[in-house]
Amino acid sequence: MLSHPLRLRRLSSLLPLRAAYPNYINGGPSPTAETAPTFSPGTGCAVAEVAASSRADVDAAVAAAKAAFPVWSATSAAERGRVLFEAARIMKERNGELAMVETIDAGSVVSETTTAHILGAADAFEYYAGVAKTHASMGEFYGGAQQSAGAGPAGKTMDTFSYTAREPLGVCAGIGAWNYPLLVAAWKVAPALAAGNTMVYKPSEFTPLTSLLLGEILAEAGAPPGVLNVVAGHPDRSTGPLLAGHPDVKKISFTGSTAVGQVIVREAARSLKKVTMELGGKSPMIVFEDADIENAVGAAMNGNWYTQGAVCSNCTRVFVHSSIKEKFLARLVERTSKIKIGDPTDPEMQMGALIMPPDVPSGHFDRVAGFIERAKADPSNTLIYGGERVTVDVPDGPAGKGGSGGYYVRPAIFDCSSDDAEIVTDEVFGPVMSVLTFEDEDEAVRRANASPYGLGAGLMTKDLSRAHRVAAQLQSGNVWVNDYNISLSEMPFGGYNMSGYGRELSLHSMDSYTQIKHVYVNLGDVDSSLYPE
Ligand code: NAD
């Protein structure tokens, strides 16, 4: 790979970081027997010591959540909403600090974390703050019930009625991925707490910092001790299984890879825990011949380059009509080549560093680079832009020894002639876009749907009839027309097929953190005429 040295600003002077991040259990910091360093992908340097949670820590967190459940579930929905609203206010007030911590921990540029990640998390809290009260009032009522032939004397009208109540589940577990850590946490914590559950949240081992701060924020907002507990994972990844397998956990909301999701579902089946699975994807975007080229290029860039390409719903397969392909590619390359890559804490930068797993710092980079090299070697693909490593000079370097920090990759654009090429079928979770060509609508829909996943799909056209016709045929939990990767707190987000099941955000997520109770009321005498004296 070619090398392009860039300068990285000295991070140490900017850090809003603490030296240590303990777990947050039962309303306060909770020390652990072991700690481990967390690394900044931007520099490759260790930036803080973080809890490495053992079985005892998970047990303590679940016990705290269990003890808090009777109080929190009996707290009025209005009061729960007020706590969540206050948490959102604190998050917005601390946006600058939280965004910088996120940037240092996850490697995404601060222009993205300040505008999208932290404010998106606050928005979810605001939404569920409002929803808490409404949702609690959304039961069903059935009056003047007539018993069926099987349940009593046929046709006899009883002086009865029925209603349903939605009740919280108890202790819920949230397990998150590393790509936009606070946002992933917020999508789970806010609806779980709004519905009256308590939660133990485990962020990714790679990016624990803002989730640990969320524990503090909720406490400051007025959540009683134990309502939200945050345990950071052990670097050997043993913490997630301990939490997912805990007998007192009633539901697991998981965001991560399809492979780990399958393991968790198998484990959950043993005690019939409820599960929500937000998994991987290889999503398509179809650019029809009448699309506005600038908008199509902009949507494809938004849907591939955010978070260094580590977004589950990214449109990594872009199908472009043959008549506009050359124009589309020319503008795509022109605009992509202007992306500034480097120090994620620099507000000028538009793409940051790939995540650095602490055990194998080059692990994710090697994976992404491996995909790029194999795609280059496959004659069905032509690399038309990028794909090389970008080296960024770090003045004080890892451990103060100077040298090159972090793993940065120039976004890669491949022109692909086969839908079966590895780069077209497999999730890379890095900045790699495959562009494919099609001739007609049916063909585009068929090829777009030819994936085991089904998380996102996009289409660009000025033809309204076609937009709805194609949207209806795409096998995906989210379809964006003339845009891409827009998620709204008010609307559901989730996948079809191997991208998972259950939904985050919206009332659907609230539903998933509750169970339905049917209450039947008889105001008269019990009809036991089948059993006369
Ligand atoms: P991962 O599956 O490796 O890990 C996710 C989390 O699961 C981590 O916190 C990890 O510690 C934990 N974990 C690992 N093994 C476990 C086990 N056996 N039991 C319980 N927990 C366990 O995923 P990742 O590398 O962190 O994230 C990348 C993946 O996440 C990609 O596939 C991406 O598409 C997906 N993702 C999906 C969404 C979505 O909303 N659908 C959002 C972001 C990321």
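The values are calculated or read from the model by the stated rules, or taken from the named source; none is laboratory data. A quick note: this is a predicted structure, and the numbers were derived from the prediction, not measured. Here Cβ is always computed from backbone atoms with ideal geometry, including for glycine, and neighbour counts include all displayed protein chains.
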Please verify whether region 429-448 includes one or more residues that are part of a loop (DSSP other than H, G, I, E, B) and under 20 Å from Phe288 (Cβ atoms).
yes
Given Ala88, Ala136, which one is at pLDDT below 95 and surrounded by 19 or more Cβ atoms within 10 Å (Cβ to Cβ)?
Ala136
Say whether the condition of being closer than 24 Å to Arg389 by Cβ, at pLDDT below 90, among the hydrophobic types (A, V, I, L, M, F, W, C) and in a strand (DSSP E or B) is met by at least one residue in region 5-16.
yes
Enumeration of residues in region 456-513 that are in a loop (DSSP other than H, G, I, E, B), surrounded by 16 or more Cβ atoms within 10 Å (Cβ to Cβ) and β-branched (Val, Ile, Thr):
Thr461
When region 253-276 is checked residue by residue, the ones that are within 16 Å of the chain's Cα centre (by Cα), near the ligand (Cβ under 8 Å from one of its atoms) and closer than 25 Å to Asn229 by Cα are Phe254, Thr255, Gly256, Ser257, Val260, Gly261
Taking region 251-274 on its own, how many of its residues are buried (at least 21 other Cβ atoms within 10 Å of the Cβ) and not small (Gly, Ala, Ser)?
6
Are any of the residues in region 345-353 in contact (Cβ under 8 Å) with a residue 60 or more places away in the chain and of a type in the set (Gly, Ala, Ser)?
yes
Look at region 91-113 and say how many of its residues are closer than 23 Å to Val409 by Cβ and surrounded by fewer than 20 Cβ atoms within 10 Å (Cβ to Cβ).
1
So, first residue under 18 Å from Thr514 (Cβ atoms) in region 74-87, second residue surrounded by fewer than 24 Cβ atoms within 10 Å (Cβ to Cβ) and among the basic types (Lys, Arg), Cβ within less than 7 Å, six or more apart or across chains; the pairs are Ala77/Lys133; Ala78/Lys133; Gly81/Lys133
What are the residues in region 216-238 that are closer than 13 Å to Ile25 by Cβ and within 16 Å of the ligand (Cβ to nearest atom), if any?
Asn229, Val230, Val231, Ala232
Sort out for me the helices (runs of 4 or more DSSP H) sitting completely within region 21-107 that have 1 or more residues that are more than 25 Å from the chain's Cα centre (by Cα).
55-74, 77-93
Could we say that Glu278 is in contact with a Gly (Cβ under 6 Å, 6 or more places away or on another chain), modelled with pLDDT of 95 or more and among the acidic types (Asp, Glu) here?
yes
Being among the aliphatic types (A, V, I, L, M) and surrounded by fewer than 24 Cβ atoms within 10 Å (Cβ to Cβ) is the filter; apply it to region 445-455 and report the residue that is farthest from Gly495 (Cα to Cα).
Val445
Those residues of region 163-185 that are of a type in the set (Asp, Glu) and either modelled with pLDDT under 95 or surrounded by 22 or more Cβ atoms within 10 Å (Cβ to Cβ) (or both) come to a total of 0
Residue tally, condition touching a helix residue (DSSP H, G or I) at 6+ places or on another chain (Cβ under 6 Å) and farther than 30 Å from Gly342 by Cα, over region 44-71:
3
Hits in region 213-252 (condition: over 21 Å from the mean Cα position of the chain (by Cα) and of a type in the set (Val, Ile, Thr)):
Val227
Where Ala310 falls short, out of the listed (1) within 13 Å of the ligand (Cβ to nearest atom); (2) surrounded by 24 or more Cβ atoms within 10 Å (Cβ to Cβ):
(2)
Among the candidates Gly456, Gly406, residue that is among the small types (Gly, Ala, Ser), modelled with pLDDT under 95 and out of contact with any Asp or Glu (no Cβ under 8 Å at 6 or more places or on another chain)
Gly406
With the condition kept exactly as written, say whether any residue in region 49-60 is buried (at least 24 other Cβ atoms within 10 Å of the Cβ), in contact with a Pro (Cβ under 8 Å, 6 or more places away or on another chain) and closer than 30 Å to Lys250 by Cα.
yes
When residues of region 157-208 are limited to those that are in a loop (DSSP other than H, G, I, E, B) and among the small types (Gly, Ala, Ser), the one farthest from the ligand (Cβ to nearest atom)
Gly196
State all residues of region 360-388 that are assigned to a loop (DSSP other than H, G, I, E, B) and touching a Lys or Arg at 6+ places or on another chain (Cβ under 9 Å); if no residue qualifies, say none.
Gly386, Gly387, Glu388
